[in-house]
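The values are calculated or read from the model by the stated rules, or taken from the named source; none is laboratory data. None of the values given here were measured: they were computed from a predicted structure. Positions of Cβ are generated from backbone atoms using ideal geometry, with glycine treated the same way; all protein chains shown enter the neighbour counts.
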Amino acid sequence: MFEPKFVITNKLLENIKKISSMVSGFNNRRFPDPVLVELRKNAEATSTHASTGIEGNPLPLTDVKKIIKNRPEHIRDSEREVLNYNTILKKINEKIEKGNVKITLNLILSIHKEITNQFLPDFKSGILRTEPVFVNNPIIGKTIYWPPDQNEVPNLINDLLDFINTNKQKIDPLIIAGIFHKQLVIIHPFTDGNGRTTRLLTKILMVAMGLNTFNLFSFENYYNQNVSRYFTMVGVKGNYYEVYKNIDFTEWLEYFTDGIIDELLRVENILPNININPQTRLLPYHQKILKYIQENGFITDDDYSKLTDRAKATRRLDLNKLISLKLIERIGKGKQTHYKLKEK
């Protein structure tokens, strides 16, 4: 049975409260469809760049965006790594939009298979390791961590999944996601591709637990800013069998939630730039409509005429723009016509 050690410190509690408030704020805001599309594209590119960059991929973000857009056929390994990651990330986002995605062993294996496509032989790609592995520090050229024996990996993963399913209604989802992230790295279930697989699964776990804003963000971006610190925080040193009973997740959870806050703030800062274009920009009278509907449940043209001195034909254009951006929808006909916020 997996029973992780951690303490809910004041810092961790404050981080969780802040993330909850920020995510709630984002989820309650109404973004035009073009803005959402742009946010999603940016998040996918940033996640792809960050998560592959953590593992040593040298391609800059500008090149990553070009590769994702053009998807060339004849590519180098660094470009293939980017396309592999981006392909499975897009598939995951599509599954998330269609409904709840549950983390299972089959999902873990399928993600790993896509990530390592054409990098590992078939008997290692999407397959739990059947041999010992070692984690080396390339700077000092020495092994710093000996993961658990390969024959224990299936049971350790099952214990981790049981912990998630047993505690998802008892423990804050951010804590569960953070513990999952670090523990899967500790188990090191594959010969290669552990980090990329873990980061994608952590994203799914947060979304599945109701943090549904995360298809617009790249929490991996924080780790890529200081890779050495990330590896220090997420990993452990020594022989697994000598250290696992004393592993404390508290410091990692503080760092993990720090990273989410950092990413939320980054996206908050870029939102104004994404919003600035004639098609998506909402002017004060558009905002009045949305605010009125939020406060009253719906708005009619007569209601709107009392909020503004704009002519009837212009008011219709204002309402139609919000409809075209899929922010509101028209209900009823004739005198019964009114407008409500469109379901997300």
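Answer yes or no as to whether Ile127 is over 27 Å from Phe6 (Cα atoms), of a type in the set (A, V, I, L, M, F, W, C) and assigned to a loop (DSSP other than H, G, I, E, B).
Details: over 27 Å from Phe6 (Cα atoms): yes; of a type in the set (A, V, I, L, M, F, W, C): yes; assigned to a loop (DSSP other than H, G, I, E, B): yes.
Yes.
Go through Leu341, Leu325 for me and flag whichever is modelled with pLDDT under 85, surrounded by 14 or more Cβ atoms within 10 Å (Cβ to Cβ) and of a type in the set (A, V, I, L, M, F, W, C). Steps first, answer last, please.
Values: Leu341 fails: modelled with pLDDT under 85.
Result of the check over Leu341, Leu325: Leu325.
Just to verify a result, which residue in the stretch 199-214, among those that are farther than 20 Å from Phe163 by Cα and surrounded by fewer than 22 Cβ atoms within 10 Å (Cβ to Cβ), is modelled with the highest pLDDT?
First, pick out the residues of the stretch 199-214 that are farther than 20 Å from Phe163 by Cα: 212-214.
Within this subset, residues satisfying the condition of being surrounded by fewer than 22 Cβ atoms within 10 Å (Cβ to Cβ) are 212-213.
On the way: Asn212: 56, Thr213: 61.
It comes out as Thr213.
Cβ-Cβ below 6 Å, separation at least six or inter-chain, first residue in the stretch 148-163 and without any contact (Cβ under 8 Å) to a residue 24 or more places away in the chain, second of a type in the set (D, E, K, R): which pairs?
Gln150/Arg129; Gln150/Glu131
Among the candidates Asn86, Asn42, Asn70, single out the residue that is surrounded by fewer than 20 Cβ atoms within 10 Å (Cβ to Cβ) and closer than 25 Å to Leu265 by Cα.
Numbers: Asn86 fails: surrounded by fewer than 20 Cβ atoms within 10 Å (Cβ to Cβ); Asn70 fails: closer than 25 Å to Leu265 by Cα.
Matching residue, one of Asn86, Asn42, Asn70: Asn42.
Considering the stretch 143-166 alone, what residues qualify as being more than 13 Å from Ile186 (Cβ to Cβ) and either in contact with a Gly (Cβ under 7 Å, 6 or more places away or on another chain) or in a loop (DSSP other than H, G, I, E, B) (or both)?
Asp149
Based on this model, can you work out whether Val267 counts as in the same structural domain as Ile96 (by TED's automatic domain parsing), out of contact with any helix residue (DSSP H, G or I) (no Cβ under 8 Å at 6 or more places or on another chain) and farther than 25 Å from Asn165 by Cβ? First the steps, then the outcome.
Details: in the same structural domain as Ile96 (by TED's automatic domain parsing): yes; out of contact with any helix residue (DSSP H, G or I) (no Cβ under 8 Å at 6 or more places or on another chain): no; farther than 25 Å from Asn165 by Cβ: yes.
Criteria not met by Val267.
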